[in-house]
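Report on one structure; see the data block that follows.
The values are calculated or read from the model by the stated rules, or taken from the named source; none is laboratory data. In this text the structure is predicted, and so the values were computed from the model without any measurement. Don't worry about glycine lacking a Cβ; one is built from the backbone with ideal geometry, like all the others, and counts go over all protein chains shown. SASA here: full protein model, heavy atoms, side chains in, ligands and nucleic acids out. Shrake-Rupley method; radii C 1.70, N 1.55, O 1.52, S 1.80 Å.
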Amino acid sequence: MCLAIPAKVFKINKNIAEIESLGVIKEVDITLVPDAKIGDYVIVHAGFAIQIIDKKEASITEGYWKEYLEEQ
């Protein structure tokens, strides 16, 4: 099973992007999604952006994560 987190891209420097997800800012590798640009939403797994997704899908998925984390 793979768990992935939606995140918004804020900065890009070569193949490293600064992203924000659930209030956490970190850097991830975007080599696997070379078309990613600032403002895009991506799915992040193990330090890599693995797919570009639309804002609606990111919002829905983030809602599921927030619900899960509140239960913990």
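General observations
- Cα gyration tensor, segment 31-72 - rounded (a/c under 1.5), prolate or oblate: oblate
- Å² of accessible area per residue within the chain, as computed with a 1.4 Å probe and no ligands counted: 70 Å²
- Near-label residues of segment 42-64 by backbone N, under 19 Å of a point 7 Å along Cα→Cβ of Lys26: 42-53, 58-59, 61-64
- Nearby lysines by direct alpha-carbon distance to Lys11 (threshold 22 angstrom, same-chain neighbours under 8 apart not counted): Lys26, Lys37, Lys55, Lys56
- Between Gln51 and Ile43, the built amide H atoms are under 5 Å apart, and every one of these is 5 or more places off in sequence or on another chain.
- GNM on the chain, alpha-carbon springs under 10 angstrom: the most fluctuating residue among Asp40, Asp54, Asp29 is Asp54.
- Surface composition of the chain: carbon and sulfur atoms hold 55% of the protein heavy-atom accessible area at a 1.4 Å probe.
- Between Thr31, Ile5, Leu69, the Cα set farthest toward the positive side of the dipole of the chain (charges on each charged residue's Cβ, about the Cα centre) is that of Thr31.
- DSSP beta bridges confined to the chain are antiparallel in about 95 percent of cases.
- Each Lys or Arg adds one and each Asp or Glu subtracts one; over the other residues with Cβ under 13 Å from the Cβ of Val44, this totals -4.
- Cα-based reach from Lys66 at 19 Å (exclusive), listing aspartates and glutamates while leaving out same-chain residues under 8 positions away: Glu20, Asp54, Glu57
- Degrees, to the nearest 10: 55-71 long Cα axis against longest axis of the chain: 40 degrees
- For the pair Ile12 and Ile52 in one chain, pulling the backbone fully straight at 0.36 nm per residue adds 13.0 nm over the alpha carbon distance.
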